[in-house]
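Trainee: Submitted below is the structure of interest, expressed as structure tokens.
Rule-based calculations on the coordinates, nothing more; no lab input. Quick caveat: nothing in here was measured; it's all calculated off a predicted structure. Backbone-built Cβ (ideal geometry, glycine too); neighbour counts: all protein chains shown.
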Amino acid sequence: MKSIDDKIIAKVKKCGRGKGYFSSDFASYGEGKSVSKALERLVKSQMLLRVARGLYYYPKIDKKLGLGILYPSWDEVALAIAKRDKARIAPTGVYAQNRLGLSTQVPMNIVFLTDGSPRRINIGKGKGILFKHTAPKNLAFQSELAMLIVFALKEIKQENVTQEHLDKIKSLLQKVPKSEIMNDAKLMPAWIKSIIMKLYE
């Protein structure tokens with residue numbers, strides 16, 4: 001008869017590396033306490049990574065560059081939580097700027113807007129992901145690039161937008177048809193819509 005540890009190992013190996021799991025994903029393998037103890041043992045043996053409370057990863061291993069265990073990105077963690085909660089999310093603030101290359105700053109606390117429950121997920125010392133509830137219309141973007149540009153520029157504020165910011169955004173927009181971006185025009189503040197229109201000229 002397989003132990004809980006063996007059942008968990010079999011499941012994560014079958015699904016492949018780089019995937020996240022919640023302790024609830026293994027609920028059918030035994031009582032809650034027993035599953036938690038099994039996960040603790042697998043974390044101790046480095047079979048799994050404990051990324052946040054109740055969230056575990058079967059990590060990818062980099063052998064080419066010798067980097068060893070690769071930790072999941074902020075986005076991967078946030079998307080795993082959103083998928084479990086059946087919620088939509090969107091990166092905002094300084095993180096949206098970072099994603100676009102408008103800032104090299106990586107905040108200690110990443111902020112995502114969500115139509116799900118507001119919460120904070122602690123990841124390591126002082127680091128975390130903050131989910132802030134927002135109106136569904138703020139998550140209705142069809143284009144991820146349009147969404148990131150809007151949230152990044154809102155954080156920067158109109159009076160602080162520099163030519164360097166505009167040049168970077170223009171280089172990103174050149175890779176995407178204008179029609180695709182302007183499908184989301186109704187979701188943009190007038191000043192951001194105006195900037196995008198000018199950058200396409």
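Trainee: Nearest 500 deg cm²/dmol is fine: what mean residue ellipticity at 222 nm does the chain get from its DSSP H runs of n ≥ 4 alone, each adding -39,500 (n - 2.57), divided by its residue count?
Mentor: Details: 8 runs with 84 residues, N = 201.
Taking each H run of at least 4 residues, the total per residue is -12500 deg cm²/dmol.
Trainee: Any of Lys60/Lys154; Lys7/Lys86; Lys7/Lys83; Lys137/Lys175; Lys63/Lys168 with alpha carbons more than 30 Å apart? Name them for me. Walk me through the numbers on the way to the answer.
Mentor: Numbers: Lys60/Lys154 35 Å; Lys7/Lys86 26 Å; Lys7/Lys83 23 Å; Lys137/Lys175 26 Å; Lys63/Lys168 34 Å.
Exceeds cut-off: Lys60/Lys154; Lys63/Lys168.
Trainee: I've got another one for you. Remind me, relative contact order of the range 74-199 in percent, using alpha carbon pairs under 8 angstrom and six or more residues apart? Don't skip to the end; give the middle numbers.
Mentor: Details: 155 pairs, mean separation 28.9, N = 126.
Relative contact order for the range 74-199 comes out at 23 percent.
Trainee: Sort Ser23, Ser45 by Cβ crowding within 10 Å, fewest neighbours at the top. Numbers along the way, then the final one.
Mentor: Details: Ser23 17, Ser45 10.
Ascending number of Cβ neighbours within 10 Å: Ser45, Ser23.
Trainee: Continuing with this model, one more query. Could you check the spin-label model distance between Ala190 and Lys86? Points 7 Å from the Cα along Cα→Cβ, value in nm.
Mentor: 4.0
Trainee: Could you run the Debye sum over the Cα atoms of the chain, one equal point scatterer each and no solvent, and tell me log10 of I(q)/I(0) at q = 0.19 Å⁻¹, two decimals?
Mentor: After summing over all Cα pairs, the log10 values are -1.27.
Trainee: Would you kindly state how much longer the chain becomes between Lys178 and Asn160 on full extension, computed as 0.36 nm times their sequence separation minus their alpha carbon distance, in nm to one decimal?
Mentor: Values: separation 18, 0.36 × 18 = 6.48 nm, distance 2.46 nm.
Between Lys178 and Asn160, full extension yields an extra 4.0 nm.
Trainee: Also: Taking just the alpha-carbon atoms of the range 132-201, what radius of gyration and Dmax come out, in angstrom?
Mentor: Here Rg and the maximum Cα pair distance are 11.7, 36 Å.
Trainee: Stretched out fully, how many nm does the piece from Leu67 to Ala10 gain, at 0.36 nm a residue minus the Cα gap? List each step's numbers first, then the result.
Mentor: Details: separation 57, 0.36 × 57 = 20.52 nm, distance 2.51 nm.
Stretched fully, the Leu67-Ala10 segment lengthens by 18.0 nm.
Trainee: Which FRET efficiency value, to the nearest 0.05, is calculated for Ala27 and Gln105 with the Förster distance at 35 angstrom and r the Cβ-Cβ distance?
Mentor: Numbers: r = 39 Å, r/R0 = 1.13.
It comes out at approximately 0.35.
Trainee: Dipole of the chain (Lys/Arg Cβ +1, Asp/Glu Cβ -1, origin at the Cα centre): which of His133, Tyr29, Pro118 lies farthest to the positive side?
Mentor: Tyr29
Trainee: A follow-up question, please. Measuring from label point to label point, each 7 Å out along Cα→Cβ, what is the Arg17 to Ser3 span in nm?
Mentor: My value for the distance between the label points is 2.4 nm.
Trainee: Please list the equivalent ellipsoid semi-axes of the range 32-124, computed as the square roots of five times the alpha-carbon gyration tensor eigenvalues, in descending order and whole angstrom.
Mentor: Semi-axes, largest first: 26, 20, 10 Å.
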